[in-house]
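No value in this document is a laboratory result; all are computed from the given coordinates. Quick caveat, the model's predicted, so the values are computed rather than measured. A quick note on method: Cβ atoms are made from the backbone with ideal geometry, for glycine too, and the neighbour counts reach across all protein chains shown.
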């Protein structure tokens, strides 16, 4: 039943640690695509993930090409503030890959342009905010997915 959380070039160790804890709590796999903005032994990463980090189902890729090669043909959706469809319209199912971009700039334009039909957003109801914190966005998407599978 696992979902797959994919973080493309994560930059903030606390977010990644919190998302790791979420992955374990939700029975999801965590996929991290390099380069990272931190080292995996960063104490902030460990602190946010507490003592759960060794139990997380974790996969690490040197780059996005390695990720795509390993998961060719898999069901993948992308999250971006540039998406036109809301995350509620995703056809959540087992083994779905949920891809999130880096905290500072999101997903690269090339990934967005190539995957517009699989690009989703989490609605924001204020013009005073550009995006949600990455860990919050992942939480929203994962638990919405668990509701459906």
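Of 134, 146, how do they rank once you tally other Cβ atoms within 10 Å and put the fewest first?
146, 134
Share of antiparallel DSSP beta bridges in the chain, in percent to the nearest 5? If you can, show how the numbers build up before the last one.
Values: 1 of 22 bridges.
Roughly 5 percent of the beta bridges in the chain run antiparallel, per DSSP.
Using a/c under 1.5 as the rounded threshold, could you call the chain rounded, prolate or oblate? The axes a ≥ b ≥ c are square roots of the C-alpha gyration tensor eigenvalues, and prolate needs a/b larger than b/c, oblate otherwise. Present the calculation step by step, with values, prior to reporting the outcome.
Details: a/c = 1.31, a/b = 1.26, b/c = 1.04.
Cα axes put the chain in the rounded bin.
Got a sec? How would 28, 126, 81, 139 order by Cβ neighbour count within 10 Å, fewest to most?
Least to most surrounded, the residues fall as 126, 81, 139, 28.
Could you tell me whether the stretch 12-95 comes out rounded, prolate or oblate from its Cα gyration tensor? Rule is a ≥ b ≥ c as square roots of the eigenvalues, rounded for a/c under 1.5, then prolate if a/b exceeds b/c, otherwise oblate.
It comes out prolate by the Cα gyration axes.
Which residue, 73, 27, 37, has the most motion in a Gaussian network model of the chain that connects Cα atoms within less than 10 Å?
Among 73, 27, 37, the largest GNM mean-square fluctuation belongs to 73.
Sequence gap at least 6, Cα distance under 8 Å: using those rules, report the relative contact order of the stretch 4-148 to the nearest whole percent. Please report the intermediate quantities before stating the final value.
On the way: 246 pairs, mean separation 41.8, N = 145.
Computed over the stretch 4-148, the figure is 29 percent.
When a/c is below 1.5 the answer is rounded, else prolate if a/b is larger than b/c, else oblate, so apply that to the stretch 78-149 with a ≥ b ≥ c taken from the square roots of the Cα gyration tensor eigenvalues.
In terms of gyration-tensor shape, oblate.
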